[in-house]
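Quick notes on the structure that follows.
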């Protein structure tokens, strides 16, 4: 699944996004855009749900909260 590779890239991008974001809103917009771009490539609704769950996991790994509360 192509999304899995892209999700790994998203995982690696979180620390860089946090470091380069002038404020938290910028980080949340950038992360949401990345997640939406990956989700838009999902072949099925199940794939899209998988991407959404993984995005939440990625945020959790980095001690961040639910993306829906910030965008």
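The values are calculated or read from the model by the stated rules, or taken from the named source; none is laboratory data. From a predicted model like this one, the values you see are computed outputs, not experimental measurements. When we count neighbours, we look across all protein chains shown, and the Cβ atoms used for this are built from the backbone with ideal geometry, even at glycine.
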Query raised in the report: Of the conditions (1) under 11 Å from the mean Cα position of the chain (by Cα); (2) at pLDDT below 85; (3) buried (at least 16 other Cβ atoms within 10 Å of the Cβ), residue 51 fails just one. Which one is it?
Result: (2)
Query raised in the report: Which one is farthest from residue 15 (Cα to Cα) among residues in segment 31-48 that are under 10 Å from the mean Cα position of the chain (by Cα) and surrounded by 17 or more Cβ atoms within 10 Å (Cβ to Cβ)?
Result: 39
**Report entry** Residue in segment 56-67 that is in a helix (DSSP H, G or I), modelled with pLDDT under 85 and surrounded by 14 or more Cβ atoms within 10 Å (Cβ to Cβ) present
**Finding:** yes
Query raised in the report: residue 43 is checked against (1) in a helix (DSSP H, G or I); (2) modelled with pLDDT of 85 or more and fails just one. What number does that condition carry?
Result: (1)
